[in-house]
Every structure is written in C-alpha cells, then in structure tokens.
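For reference, the structure is listed below as structure tokens.
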Amino acid sequence: MNTRLLPFIGFLLVLALLGFGIWWSSTHDLRAVPSPLIGKRAPTFSLPELDNPQRSFGSAELAGEPYLLNVFASWCFACRDEHPILMREGKRLGIKLVGFDYKDPPEDAKRWLAQYGNPYDVVIADLPGNVAIDFGVTGAPETFLVDAQGIIRYKHISPITPEVIATELMPRIAAMKAAPR
Amino acid sequence: MMRMLAAVLALLMCASSVLAAVDPLPFKDRAEELRFQNLTKQLRCLVCQNESLNDSSASLAGDLRRDVFEQMRAGMSDAQIKQWLTERYSDFVLYDPPLRGGTWLLWFGPALFLLIGGVAVLLTIRRRAAAQRGTASNRVDSVEDDW
C-alpha cells in the first residue's frame with residue numbers, strides 16, 4: 001500500500017469519528033439519564049393531594065393496580081406541549097393517571113390545571129421534591145409506568161407524544177393486563 | 001495589569017460568596033465542610049450535566065446537596081451516600097464511572113491507543129533504521145527520500 005495515503009486515511013478516520021458524534025447526539029437524548037429503577041419496586045411514598053392537602057395519597061392507596069405517574073409542573077414549558085396529549089389520550093390508556101406536581105407552589109399548579117384542564121385521576125404535590133428524588137426524577141416532564149405489583153415497567157423522559165403512547169405505553173399496558181395476577 | 005487581575009479576582013470572590021449564600025448548610029466544623037465539598041465535587045448534577053453537584057445552582061442540585069448533607073449527619077459513609085444516589089440516578093451521577101464490563105474501554109481505551117501508537121512508532125523507526133543501514137554504503141543522505 002502506498003504509505004503516502006496514510007495521513008489521508010487518518011484524516012478520514014477522524015472525520016468519521018466526528019460525523020459519528022454528530023449523528024449520535026442528534027438521534028439520542030444526551031440528557032436522558034438511564035433509570036436504574038426500571039424492573040424494580042417503585043419507592044414507597046405518601047404525599048398531600050393538590051386539591052385537599054389534608055388528605056394524603058400514595059403507594060398504599062395505589063397498591064394492586066397499575067398506574068401512570070406523570071411528573072409535571074406549572075413552571076415546566078415542555079409540560080404545556082405534553083398536556084393536550086394527556087387530555088386527549090389519557091383516558092384511552094385504561095389505567096389510573098396520577099399527576100405528580102413537582103416543586104410547584106400549589107396555587108400555581110391549581111391555576112395551571114384550571115387553565116389547561118385536568119387529565120389526572122388524582123394529583124399529588126411534592127413541593128420539597130423528596131419523593132421525586134426517590135423516583136430518580138431529574139426534571140419535568142417525566143413519566144413512569146408502574147404495574148399492579150408496584151414494579152416500575154417503563155420510564156419516559158421528555159414530553160409524552162402520541163407515538164410514545166402507541167409504541168411504548170399501550171403495548172406494555174396490554175401486556176400487563178394480559179399477565180395473570 | 002495586576003490591578004485589573006485583582007479587580008477580576010475580587011469580582012469572582014463576590015460572585016462565589018453570593019452563590020454560596022443560596023443554600024448555606026450548617027456545617028459544624030471545617031472538616032465536615034471539606035468532606036462535603038470533596039464528596040459533592042465527585043457527583044454530577046443531573047440537570048446541568050457538565051457541572052458537579054458542588055458547583056450547580058440547579059434546584060435539583062440544591063435538593064441533592066441537602067440530602068447528601070443530611071446523610072452525612074446521619075453517619076453514612078461517602079461510599080454509602082454514592083450508593084444511595086446511584087440506586088436512584090444510575091452511575092450517571094458519578095464523575096468516575098465504576099470499573100466493570102461496559103466501562104473497560106472508557107478506562108483502558110487511552111492506554112490501548114497509546115500502546116497502538118507506540119507500536120506503530122517503534123515499527124516505523126525500525127524499518128527506517130533498517131532501510132538506512134541498507135543504503136548507507138552507497139548514499140548517506142537517503143533519509144530525505146523516505147516520504
């Protein structure tokens with residue numbers, strides 16, 4: 001082989017590496033932290049309900065049924081994109097939809113839900129953000145699918161889209177319902 | 001020049017003292033504070049992933065600093081606190097990834113590339129030396145022709 005071409009081949013290799021970097025970062029969400037909790041038991045929690053802070057709601061009340069925990073906040077811009085999709089398709093999921101109001105003054109969250117609609121079966125508020133840390137939440141929106149045994153089956157970071165519902169959530173929910181209790 | 005540098009330094013110090021005042025933690029002594037600083041510098045903020053937990057002003061980082069502090073107070077070791085965090089946020093939260101199957105390339109890749117480069121350099125030198133020895137009898141300045 002002509003050794004004169006070696007530097008050029010080296011240059012092409014570097015170019016290929018840079019191209020791969022660009023491709024990788026455009027097709028992958030680099031901020032999405034892989035959750036070590038998938039396949040594990042969801043943390044035990046009990047939080048005040050948004051509408052009725054005297055009443056608390058948590059894993060004890062949810063025991064034995066599958067649910068979708070959706071982390072949102074009134075300060076979260078992307079949640080505004082996600083919200084109409086939950087409003088439109090939330091009921092179609094056929095499982096309990098739990099709204100998890102993350103680090104948000106209750107008045108703001110109430111106003112936000114009044115303005116955009118409330119797709120949730122129940123809304124709990126985590127103002128200090130402690131339960132969120134147990135769930136490994138890094139921001140909003142994030143969504144967890146938990147089965148009837150309390151095991152986290154799936155986690156989605158960033159807004160839920162109709163594609164995510166069709167390709168990720170619905171098949172998993174169907175499989176969970178088909179599985180013997 | 002020196003005066004400007006001093007002014008910039010003073011400004012930076014102001015900035016850092018303002019930042020520190022955002023969530024002051026009640027350290028009982030200097031040693032505890034140093035341990036906390038040292039530990040949080042090894043942890044990655046999940047929101048601004050190029051910042052350590054020690055540097056970040058993200059609200060989640062503030063919450064995690066508070067948790068780390070509380071656990072230090074509860075008598076947990078640095079390793080236990082890291083374990084607690086990785087159970088929730090995976091190895092992502094650690095700046096030094098642990099050594100195991102998926103990370104060996106990360107740890108030993110640089111050494112591997114150095115080895116490959118070293119071997120390549122060694123082979124080239126040997127070949128050139130051999131070529132030079134072969135041609136040295138008739139032409140001394142043949143080194144220039146190698147390329």
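Each reported figure results from applying straightforward, stated rules to the coordinates on display, with no laboratory input. All values derive from a computational prediction rather than experimental measurement. Glycine also receives a Cβ, built like all others from the backbone with ideal geometry; neighbour counts cover every protein chain displayed.
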Looking at the range A:32-50, can you tell me whether even one residue there is in contact with a helix residue (DSSP H, G or I) (Cβ under 7 Å, 6 or more places away or on another chain) and β-branched (Val, Ile, Thr)?
yes
Unique match (being in contact with a Pro (Cβ under 9 Å, 6 or more places away or on another chain), closer than 27 Å to A:ILE38 by Cα and away from chain A (no Cβ under 12 Å)) among B:LEU99, B:LEU106:
B:LEU106
Any residue in the range A:101-115 that is surrounded by fewer than 19 Cβ atoms within 10 Å (Cβ to Cβ), within 14 Å of chain B (Cβ to nearest Cβ) and in contact (Cβ under 8 Å) with a residue 40 or more places away in the chain?
no
Here are some conditions: (1) surrounded by 15 or more Cβ atoms within 10 Å (Cβ to Cβ); (2) in a helix (DSSP H, G or I); (3) in contact with a strand residue (DSSP E or B) (Cβ under 8 Å, 6 or more places away or on another chain). A:LEU97 meets all but one. Which one does it not meet?
(2)
Which listed residue is over 17 Å from A:SER46 (Cβ atoms) and out of contact with any Pro (no Cβ under 9 Å at 6 or more places or on another chain), from A:ALA132, A:ALA148, A:ALA179
A:ALA179
List the helices (runs of 4 or more DSSP H) that sit entirely inside the range A:1-94 and contain at least 1 residues that are within 14 Å of chain B (Cβ to nearest Cβ).
A:6-27, A:77-89
A:PRO128 passes all but one of the listed conditions (1) away from chain B (no Cβ under 14 Å); (2) part of a loop (DSSP other than H, G, I, E, B); (3) without any contact (Cβ under 8 Å) to a residue 60 or more places away in the chain; the exception is number (1)
Which of the residues spanning the range B:80-107 are within 28 Å of A:PHE144 (Cα to Cα) and among the aliphatic types (A, V, I, L, M)?
B:ILE81, B:LEU85, B:VAL93, B:LEU94
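Go through the range B:50-94 residue by residue and tally those that are within 14 Å of another protein chain (Cβ to nearest Cβ) and either of a type in the set (A, V, I, L, M) or within 21 Å of the chain's Cα centre (by Cα) (or both).
Let us first name the residues in the range B:50-94 that are within 14 Å of another protein chain (Cβ to nearest Cβ), namely B:50-51, B:53, B:56, B:58-71, B:81-94.
Within this subset, residues satisfying the condition of being either of a type in the set (A, V, I, L, M) or within 21 Å of the chain's Cα centre (by Cα) (or both) are B:50-51, B:53, B:56, B:58, B:60-61, B:64-65, B:68, B:81-83, B:85-86, B:89-94.
The number of residues fulfilling the criteria is 21.
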